[in-house]
1. Select the strands (runs of 3 or more DSSP E) contained entirely in the range 1-68, then report the ones holding at least 1 residues which are in the same structural domain as residue 89 (by TED's automatic domain parsing), more than 24 Å from the chain's Cα centre (by Cα) and at pLDDT 75 or above.
2. Can you report the number of residues in the range 90-122 which are more than 13 Å from residue 2 (Cβ to Cβ) and under 12 Å from the mean Cα position of the chain (by Cα)?
3. Being farther than 24 Å from residue 74 by Cβ, surrounded by fewer than 18 Cβ atoms within 10 Å (Cβ to Cβ) and modelled with pLDDT under 90 is true for just one of 183, 189. Which residue is that?
4. Report yes if residue 84 is surrounded by fewer than 17 Cβ atoms within 10 Å (Cβ to Cβ) and within 17 Å of residue 57 (Cβ to Cβ), otherwise no.
5. Within the range 317-329, take every residue that is in a loop (DSSP other than H, G, I, E, B) and touching a helix residue (DSSP H, G or I) at 6+ places or on another chain (Cβ under 9 Å) and give me the one that is modelled with the lowest pLDDT.
6. Quick one: in the range 149-171, of everything that is in contact with a helix residue (DSSP H, G or I) (Cβ under 9 Å, 6 or more places away or on another chain) and part of a loop (DSSP other than H, G, I, E, B), which residue is modelled with the lowest pLDDT?
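The values are calculated or read from the model by the stated rules, or taken from the named source; none is laboratory data. Only a predicted model underlies this, so the values are computations on that prediction, with no experimental measurement involved. Backbone-built Cβ (ideal geometry, glycine too); neighbour counts: all protein chains shown.
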């Protein structure tokens, strides 16, 4: 089975009334079920350093901790942590996770998919998208009419792509990737923080405008490039785009052609390294942490990040060292 199939099966087992409550107000719905759902702003201080994101969960104690936000982002965090509990009690899903090349990544992907389906079930997608072809404007409509953040809406909308492709959110001013929800097989997979390629049409998109054209995507650290069909619109600070391998919007019939593209250059950046180096670096970044290697110690951030993690002796998951007592993580104690 695939990650999508497992997420669909797990969410389908939740009673209709409970699922509706989780979609409308995850915090209150889980509190009514007896969960202790507690905001902990301090968690945010360690994002990106020790593997923690925006939440933690201790399902044996019925406790979920999350970073509070002024947006709908916290709803996804809460349901992502709730999804960890659902997976922990699903033998088929656990077997699938442990069969993957990178079990930890597969687990996070599965919990993301479950959280997305809980916040944006198929009925809500149908109400906005209908039976037609997904479009970039659907992403903004979903964010405006549901309790989900734009990032979650991107994950949900990617479920409706009829071919391989991605739903992409970029920062309109910095021209950087905010979120890329990928469906199927692509040669290129944007990561948060990646720059929009220098001559990409999205760089020309003005606030309030939209476009459809044959385009491409290329990573900043390689000369690889994949031709994709683009449908995009822009708000005041972000662009919202669908990029797919098939001509869903019949653009070739309009005789639209991509412009000339220059090959990607080796990226150059500024780095402050714990070894004491401070200056300009030039070279391809690490594919795991997306940070360039220090020219003095030749390290990225992976080893320093991994040094803050310990493997639980019972479930073998890598967790923050402070969560391991007597060799076992908080979920296994």
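1. Working: elements: 36-39, 55-58, 63-66.
Counting at least 1 such residues, we get 36-39.
2. 6
3. Working: 183 fails: surrounded by fewer than 18 Cβ atoms within 10 Å (Cβ to Cβ).
After applying the criteria, what remains is 189.
4. Details: surrounded by fewer than 17 Cβ atoms within 10 Å (Cβ to Cβ): no; within 17 Å of residue 57 (Cβ to Cβ): yes.
When the stated conditions are applied, residue 84 does not pass them.
5. Step one: filter the range 317-329 for residues in a loop (DSSP other than H, G, I, E, B), giving 317, 324, 326-327, 329.
Those still in the list that are touching a helix residue (DSSP H, G or I) at 6+ places or on another chain (Cβ under 9 Å) too: 317, 329.
Numbers: 317: 67, 329: 73.
The selected residue is 317.
6. Per the stated criteria, the residue is 149.
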